[in-house]
DNA sequence: AGTTGACCTTGACGTAACGTCAAGATTTAT
DNA sequence: ATAAATCTTGACGTTACGTCAAGGTCAACT
């Protein structure tokens with residue numbers, strides 16, 4: 001009927017330190033304390049512990065959890081309040097991410113560019129530093145050699161594809177198409193397919209990695225030289241949003 | 001040439017406590033300390049302080065900032081490393097948000113439903129508790145009375161519109177359309193327009209609030225009764241993603 | 001009985017970046 | 001001369017435990 005502190009800790013997937021902490025906080029007192037001071041917990045305590053751990057995984061603090069378990073607060077209400085906080089945090093992070101992106105771009109704006117011809121066809125590895133640090137030196141090197149080893153005709157072909165894609169993006173952006181709409185999402189699909197032809201980019205289960213695609217979109221916005229290809233700030237923002245939706249949905 | 005501690009604090013938009021903290025950490029020592037112990041900072045210190053605060057807003061920790069300012073680390077490299085952390089945090093939050101949503105739905109699954117007829121036409125306010133707590137009692141009440149005051153013909157009209165929209169969503173989902181593509185985004189546009197016809201929903205500058213639209217999408221996924229209208233889990237996930245992209249891009 | 005582990009206890013420091021008193025010294029204004 | 005500002009150092013609080021540290025307790029083995 002009783003379990004030692006290590007026992008329930010293992011049963012619930014936590015540590016004895018956590019159990020003692022919850023005991024000290026009055027959140028989960030031992031169901032019995034032996035004469036020698038040893039803590040013992042019964043099955044009801046185990047159930048309570050599991051509820052606590054569940055709520056903790058959702059991000060609730062111990063005071064909020066106590067209020068819920070002691071029925072001082074409605075659980076759903078507490079979770080909805082918590083949801084608001086989570087969403088705010090997420091937005092704050094989103095803003096920080098964008099600021100960091102633009103800061104990086106501003107810092108490196110005038111450093112190592114790849115050759116101009118390359119710029120038009122291989123825009124995603126123009127930032128040598130960024131590609132190497134975030135996706136590994138291989139990503140840059142293999143993309144680089146892939147491009148260099150192309151024949152002139154292959155390169156021209158590739159540039160034509162790229163130009164057409166960019167033109168369609170600009171067109172859609174001008175027409176104020178919704179970035180999560182079918183048309184934009186089809187463009188995003190083409191964009192990812194185009195990307196997929198480049199060896200060495202980071203992938204997940206065979207497809208370009210979602211984080212990479214999103215990062216690419218942010219880069220288009222952060223760097224005016226890219227933005228120009230997609231119709232300026234507004235157009236690049238559109239591309240970024242479309243890629244983000246696409247990545248969320250299908251990658 | 002010199003400023004007192006309060007002076008630069010005001011100039012830089014921070015507090016004297018922070019200045020002392022940075023001094024104690026060796027991150028920004030006072031440029032001069034008078035015989036009486038008073039700290040004084042010159043213009044170079046002000047510049048350094050401003051850089052520190054900028055990096056802090058981007059979320060960097062003090063050790064990372066020190067490394068950058070002391071030129072032990074490349075600033076862009078530090079920011080890219082930081083970017084990876086930010087993106088991970090964002091994903092963790094996203095997972096928590098979804099878990100909270102499904103938990104809330106599971107908790108309230110069988111409580112207060114609106115009438116069945118209402119269910120088919122007014123799905124976004126079916127969760128009385130959720131709507132009231134997160135968007136205010138007015139949101140629920142005005143939506144509720146709007147619906148109740150309709151004539152039978154008006155209601156039938158509305159339900160037909162709703163059903164058509166849902167059918168198009170199911171169709172697009174089945175065809176594996178990309179959620180950030182043009183087609184899905186057009187559907188999202190229709191969805192928001194449809195929503196916009198309901199009085200009392202939360203708005204921002206005249207249009208349905210982005211957070212509300214996103215929340216709606218999450219609800220479709222979290223609640224099987226909604227999901228059913230959009231083609232089950234997969235379909236609802238598609239709708240959610242499409243709405244999220246749409247919200248990000250145009251709301 | 002003595003010893004060896006395995007397990008238990010309480011106690012206390014560390015974490016990130018300051019916010020917030022508190023007590024006392026100094027400068028500035030009246 | 002006195003009051004009001006401003007300055008100093010010192011220290012606790014914040015969140016949920018992780019991580020020693022020093023020292024009891026218990027079952028098993030010699």
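The values are calculated or read from the model by the stated rules, or taken from the named source; none is laboratory data. Everything quoted here is computed from the prediction, not taken from an experiment. Backbone-built Cβ (ideal geometry, glycine too); neighbour counts: all protein chains shown.
Here's a check for you: in segment A:39-49, which residue that is within 14 Å of DNA strand D (Cβ to nearest atom) and closer than 13 Å to residue A:12 by Cβ is farthest from the chain's Cα centre (by Cα)?
The qualifying residue farthest from the chain's Cα centre (by Cα) is A:48.
Would you check if there is a residue in segment A:103-111 being out of contact with any strand residue (DSSP E or B) (no Cβ under 8 Å at 6 or more places or on another chain), at pLDDT 95 or above and surrounded by 18 or more Cβ atoms within 10 Å (Cβ to Cβ)?
No.
Among the residues of segment B:219-241, count how many are assigned to a helix (DSSP H, G or I), modelled with pLDDT under 85 and touching a helix residue (DSSP H, G or I) at 6+ places or on another chain (Cβ under 6 Å).
Count: 6.
Is it fair to say residue B:66 is free of Cβ contacts under 8 Å to residues at least 24 places away in the same chain, near DNA strand C (Cβ under 10 Å from one of its atoms) and surrounded by 14 or more Cβ atoms within 10 Å (Cβ to Cβ)?
Details: free of Cβ contacts under 8 Å to residues at least 24 places away in the same chain: no; near DNA strand C (Cβ under 10 Å from one of its atoms): yes; surrounded by 14 or more Cβ atoms within 10 Å (Cβ to Cβ): yes.
No, not satisfied.
Checking residue B:61 against (1) over 17 Å from residue B:6 (Cβ atoms); (2) away from DNA strand D (no atom under 16 Å from the Cβ); (3) surrounded by fewer than 20 Cβ atoms within 10 Å (Cβ to Cβ): exactly one of these is not met. Which one?
(2)
Residue-by-condition table, conditions (1) outside any helix (DSSP H, G or I); (2) within 16 Å of DNA strand D (Cβ to nearest atom); (3) modelled with pLDDT under 95; (4) farther than 30 Å from residue A:108 by Cα:
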site	(1), (2), (3), (4)
B:1	yes, yes, yes, yes
B:9	no, yes, no, yes
B:17	no, yes, no, yes
B:37	yes, yes, yes, yes
B:65	no, no, no, no
B:68	no, no, no, no
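Spot the failing condition for residue B:100; the list is (1) surrounded by 19 or more Cβ atoms within 10 Å (Cβ to Cβ); (2) within 16 Å of DNA strand D (Cβ to nearest atom); (3) away from chain A (no Cβ under 13 Å), and only one is missed.
Exception for residue B:100: condition (3).
Quick check on my filter: what residues within segment B:180-210 are without any contact (Cβ under 8 Å) to a residue 12 or more places away in the chain and either crowded, with 18+ Cβ neighbours inside 10 Å or assigned to a helix (DSSP H, G or I) (or both)?
B:181, B:182, B:183, B:186, B:193
Quick one: which of A:34, A:67 is under 33 Å from the mean Cα position of the chain (by Cα) and more than 14 Å from residue A:18 (Cβ to Cβ)?
Matching residue, one of A:34, A:67: A:67.
Report the residue count in segment A:218-238 for those that are more than 10 Å from chain B (Cβ to nearest Cβ), within 19 Å of the chain's Cα centre (by Cα) and within 17 Å of residue A:184 (Cβ to Cβ).
Of segment A:218-238, the ones more than 10 Å from chain B (Cβ to nearest Cβ) are A:219-236.
Among the residues that remain, those that are also within 19 Å of the chain's Cα centre (by Cα) are: A:219-222.
Imposing the further condition that a residue be within 17 Å of residue A:184 (Cβ to Cβ) reduces the set to A:220-221.
Count: 2.
If only one of B:19, B:49 is crowded, with 19+ Cβ neighbours inside 10 Å, within 16 Å of DNA strand C (Cβ to nearest atom) and without any contact (Cβ under 8 Å) to a residue 40 or more places away in the chain, which one is it?
On the way: B:49 fails: without any contact (Cβ under 8 Å) to a residue 40 or more places away in the chain.
None of the other options fit; the residue is B:19.
Consider residue B:39 carefully, then state whether it is within 24 Å of residue A:99 (Cβ to Cβ) and away from every other protein chain (no Cβ under 14 Å).
no
So, residue A:159, is that one at pLDDT 70 or above, part of a helix (DSSP H, G or I) and farther than 30 Å from residue B:243 by Cα or not? Talk me through it step by step, then tell me what you get.
Working: at pLDDT 70 or above: yes; part of a helix (DSSP H, G or I): yes; farther than 30 Å from residue B:243 by Cα: yes.
Taking the combined requirement at face value, the residue satisfies it.
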